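I have placed the structure first, in the form of structure tokens, so that the comments after it can refer back to it.
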Amino acid sequence: PATEENHDEL
Amino acid sequence: MNIFRLAGDMTHLMSIVVLLLKMHTIKSCAGISLKTQELYALVFITRYLDIFTDFVSLYNTVMKIFFLGTSISIVWYMRYHKVVKQSYDKDHDTFRHYFLILPCFLLALIINDEFTFREVLWTFSLYLEAVAIIPQLVLLQRTKNIDNLTGNYVFFLGAYRGLYILNWIYRYFTDSHYRRKGITWTSGIVQTLLYADFFYYYIRSWRRNERLNLPA
């Protein structure tokens, strides 16, 4: 899903 | 994970370690903007809300805890440590950083990927990080004497942002399902551009082997 891919960077 | 992102995170880590070393060893925060440090602490607090709900990787969680812990302790040092706070240049560190927080929050309410509590705060933290260095750059312009540690601190921060841009380019071309991240990229590029000017003078002074001083 978009969100967790979106927030894998620090 | 790719080499650019790992190098970027390590450089970001280095910038904070340099700062903590300065405060812990020589018990001084001369030339450092408390406003910028408070903005960074707010960036990490609003961005790492998911630390307890989403587990991305051990590396990710450990780094988030480190960034939260160090940024908050740097603010504590500069505000409350009896020796360090004496070297805080409050007369020159007068940039009204509240004027940065509100516009970033309003912008995050308008331009975001998803209108949810966490996503808006995450977007807010991106916009805020882009402008968080401004009080520090203003302070450097005002107080001509940029000591080595402060110069290195700002340099590492800028380098971390430059490496992150390389990371996005790398991911875009190699990672098939990597989606376009307009907000992240735009905010990151704006942030990196803010350092461009500083980089020019930093590298020029380094080449001429003279003290770094920024023009008025």
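May I have the convex hull volume per residue, in Å³, for the Cα set of segment B:22-84? Walk me through the intermediate numbers first.
Values: hull volume 5.3 nm³, N = 63.
Taking the convex hull of the Cα positions in segment B:22-84, it is 84 Å³ per residue.
Filter B:Lys64/B:Lys90; B:Lys27/B:Lys90; B:Lys35/B:Lys144 down to the pairs with a C-alpha to C-alpha distance above 21 Å, please.
Details: B:Lys64/B:Lys90 29 Å; B:Lys27/B:Lys90 16 Å; B:Lys35/B:Lys144 18 Å.
As for pairs spanning more than 21 Å Cα to Cα, those are B:Lys64/B:Lys90.
For segment B:84-216, what log10 I(q)/I(0) values come out of the Debye formula at q = 0.09, 0.15 1/Å, with one point per alpha carbon and no solvent?
-0.34, -0.85
Take the Cα gyration tensor of segment B:40-156, multiply each eigenvalue by 5, square-root it, and list the three semi-axes largest first, rounded to whole angstrom. List each step's numbers first, then the result.
Values: eigenvalues 158, 72, 31 Å².
Output for segment B:40-156: semi-axes of 28, 19, 13 Å.
How big is the dipole moment of segment B:1-109 about its Cα centre under a simple scheme where the beta carbon of each Lys and Arg is +1, that of each Asp and Glu is -1, and everything else is neutral? Debye, nearest 20, please.
On the way: 11 positive and 7 negative charges, 63 e Å.
Roughly 300 debye for segment B:1-109.
Using a/c under 1.5 as the rounded threshold, could you call segment B:1-54 rounded, prolate or oblate? The axes a ≥ b ≥ c are square roots of the C-alpha gyration tensor eigenvalues, and prolate needs a/b larger than b/c, oblate otherwise.
Working: a/c = 2.52, a/b = 1.40, b/c = 1.81.
Judged from the Cα gyration tensor, segment B:1-54 comes out oblate (a/c at least 1.5, b/c at or above a/b).
Using just the C-alpha positions of segment B:62-102 as equal point scatterers, what log10 of I(q)/I(0) does the Debye formula give at each q in 0.14, 0.35 1/Å?
The Cα Debye sum returns log10 ratios of -0.46, -1.00.
Throughout, read-outs are computed from the coordinates displayed, never taken from laboratory work. Here the structure is a predicted model, which means the values were calculated and not measured. Methodologically, a virtual Cβ is constructed for each residue, glycine included, from the backbone with ideal geometry; neighbour enumeration extends over all protein chains shown.
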